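The values are calculated or read from the model by the stated rules, or taken from the named source; none is laboratory data. Only a predicted model underlies this, so the values are computations on that prediction, with no experimental measurement involved. So basically every Cβ, Gly included, is an ideal-geometry build from the backbone, and we count neighbours across all protein chains shown. Accessible surface areas use protein heavy atoms only, side chains included; no ligands, DNA or RNA. Shrake-Rupley method; radii C 1.70, N 1.55, O 1.52, S 1.80 Å.
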Amino acid sequence: MKPRTLIFTGEGKGKTTAAFGMVLRAVGHGQRVLVVQFIKSNAATGELLACARLPQVEVVQIGRGFVPPRTHAAYAGHRETAGEALLFARKAVESKKYDLIVLDEICGAIAHGLIEEDDVIGMLTSPERTACIVLTGRHTTMQLMAQADTVTEMKCIQHGYAQGITAQEGVEF
């Protein structure tokens, strides 16, 4: 059976949360899971704290946080780190060690020019691949969506930030 590819994209809240819901579902079925975070760098999120208690889940946070403009001096470091994350993810796919691999914010990494979309597509289409792969992030291209069997777009209808509600532990992180 061909391994599945799912994408959670869009401007709305919930892309990473949906992916972590799949992580929990996979763990419930005894599957081995890897989450690679391409941009995020906060190790104190509820998802990561919970996954630390699940021996079947490995979370690797390689990102450096919010990506600066391409003209900023720190941009090159973000690009280098994202390249390391992609290499790590590719090796994980080829290892056949995991049943589910979540590539969190990889679509944003592509959109920011940190990694090449063709390299990601090459990993998704690798004959070595056996794992289900979930990609998250904004600005997903049609070319990348064409590689997926399931694409969900999160759309923001209303957000608490617009009402002055700050991020809350257990809700936004």
Sparsely packed trypsin sites (Lys or Arg not before Pro) within the range 1-78, loop by DSSP, other Cβ within 10 Å at most 10: ARG53
Pair LEU24, GLU116: separation of 7 Å Cα→Cβ label points (nm): 3.9
The range 148-173 versus the range 47-119: alpha-carbon centroid distance in Å: 21
Gain on full stretching of the segment that runs from ILE165 to LEU54 - 0.36 nm per residue minus C-alpha separation: 36.8 nm
Candidates GLY63, GLY83, GLY12, ranked by Gaussian network fluctuation over the chain, Cα under 10 Å, top entry: GLY12
Carbon + sulfur, % of accessible area of the chain - ligands and nucleic acids excluded, 1.4 Å: 54
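FRET efficiency for LEU87 and LYS13, Cβ-Cβ distance as r, R0 = 30 Å, nearest 0.05?
Details: r = 30 Å, r/R0 = 0.99.
After rounding, the FRET efficiency stands at 0.50.
With the Cα gyration tensor of the chain in hand, convert its eigenvalues to equivalent ellipsoid semi-axes via √(5λ) and list them largest first in whole Å.
On the way: eigenvalues 107, 82, 54 Å².
Working from the Cα gyration tensor, I get semi-axes of 23, 20, 17 Å.
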Linear extension gain, ARG4 paired with PHE173, 0.36 nm per residue minus alpha-carbon span: 58.1 nm
Segment ALA73-ALA44, length gained on full extension (0.36 nm per residue, minus Cα span): 7.8 nm
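Using +1 on the beta carbon of Lys and Arg, -1 on that of Asp and Glu, and nothing else charged, what's the dipole of the chain about the Cα centre, debye to 20? Intermediate values should be presented prior to the final figure.
Working: 18 positive and 18 negative charges, 55 e Å.
That gives the chain a dipole magnitude of about 260 debye.
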Scaled radius of gyration (Cα, divided by 2.2 N^0.38 Å) that the range 112-164 gives: 1.49
GNM top mover of GLN158, GLN61, GLN31 - the chain, alpha-carbon springs below 10 Å: GLN158
Under-5 Å amide H pairs with LEU135, H placed in peptide plane, nonlocal only: LEU6, ILE7, PHE8, LEU103
For the chain: relative contact order, % (alpha-carbon pairs under 8 angstrom, 6 or more apart): 36
Sparse-neighbour loop sites [chymotrypsin sites (Phe, Trp or Tyr not before Pro); the range 20-84; at most 11 other C-beta within 10 Å; DSSP]: PHE66
